[in-house]
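Bear in mind that the values in this text are calculations on the coordinates, not laboratory data. Here the structure is a predicted model, which means the values were calculated and not measured. Glycine gets a Cβ as well: all are built from the backbone with ideal geometry, and neighbour counts include every protein chain shown.
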């Protein structure tokens, strides 16, 4: 569990009270769930022996990403995608509520476990159901601000203190490789902007698949973005066998995209 903030009983009681009032739920208990890097996650136990999953954002950047995320999930749900974590709307029909300068999102509980060893061909089978929705103007888009990345990198290099010898030596050692990577990134930006077809992408789906009793479910859509499919394959870019599998899956399903 990372970046954990300890919550006292008073906080939890107020959270239960707020959620109960906004969702008409009879809450029996609330307990921590497994967490990633951003936000907080909780399991709420109801009087009818059912559970709901709660995700909360308290960092400024994560709050904004979570708000965009729930809009993306709603769009996918409304267009027939059923292999994603489903949002529970509040009494006013909204996707989230505000609490303690945070936002709170409730999801239907998925009875299953995150499968870290799931074959990526199976991940792609699940993603293709989403890719077939095509492009849209609702979800945030990858804008490929490569110049901004390069400027920030150069600022970091130029601001290195002379006393930071190890870091300076490391950057000098890999300077040529860094410049080559920057040039490749600029080249990729031009190609994608000119010819790239875009889809709804997840961005980190290889570790966010729950193997449920009835079907797989893709969770954690905080970084949903309209972008080329390659955005969902970047973590395998140096593994030729995986890339070959992915390409075969896309060729096999090209009629659906």
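Listed highest first by mean packing, meaning other Cβ atoms within 10 Å per residue, what order do 82-93, 224-235 come in?
Working: 82-93: 14.5, 224-235: 18.8.
Peptide ranking by packing, descending: 224-235, 82-93.
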Arranged by the count of other C-beta atoms within 10 angstrom, fewest first, what order do 135, 38 take?
135, 38
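I'd like to know how the range 146-194 sits against the 2.2 N^0.38 Å rule of thumb: what's its Cα Rg over that expected value? Can you show the working numbers first?
Working: Rg = 13.0 Å, N = 49, 2.2 N^0.38 = 9.7 Å.
So the range 146-194 has a normalised radius of gyration of 1.35.
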What do you get for the angle between helix 146-158 and the principal long axis of the chain? Use alpha-carbon atoms, 0 to 90 degrees, nearest ten.
80
Nearest 10 degrees, 0 to 90: what angle lies between the long axis of helix 9-23 and the longest principal axis of the chain (Cα atoms)?
80
Mean shadow area of the range 9-109 over all directions, Cα convex hull, nm²:
6.6
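Using Cβ contacts closer than 10 Å as the measure, can you line up 141, 7, 65 from fewest to most? Kindly include the intermediate steps, with their values, before the conclusion.
On the way: 141 12, 7 15, 65 19.
Exposure proxy ranking, most exposed first: 141, 7, 65.
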Of the peptides 122-128, 44-50, how do they stack up when ordered by the mean number of other Cβ atoms within 10 Å, highest first?
122-128, 44-50
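Counting other beta carbons within 10 Å of each residue's own, what order do 202, 255 fall into, fewest first? Mind showing how you got there, number by number?
Working: 202 25, 255 6.
Lowest count first: 255, 202.
Report the antiparallel proportion of the DSSP beta bridges in the chain as a percent, rounded to a multiple of 5. Write down the numbers at each step before the final one.
Working: 31 of 33 bridges.
DSSP beta bridges in the chain are roughly 95 percent antiparallel.
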Pull out the extension gain between residue 237 and residue 184, defined as 0.36 nm times the separation in residues minus the alpha carbon to alpha carbon distance; nm, one decimal.
17.7 nm
Report the relative contact order of the chain, percent, no decimals, based on alpha-carbon pairs under 8 angstrom and at least 6 residues apart.
20
Name the shape class, rounded, prolate or oblate, that the alpha-carbon gyration tensor gives for the chain, where a ≥ b ≥ c are the square roots of its eigenvalues, rounded holds for a/c under 1.5, and otherwise prolate holds if a/b is larger than b/c and oblate otherwise.
oblate
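Run the helix sum for the chain: -39,500 (n - 2.57) per DSSP H stretch of 4+ residues, divided by residue count, reported at 222 nm to the nearest 500 deg cm²/dmol. Please report the intermediate quantities before stating the final value.
On the way: 7 runs with 102 residues, N = 257.
Taking each H run of at least 4 residues, the total per residue is -13000 deg cm²/dmol.
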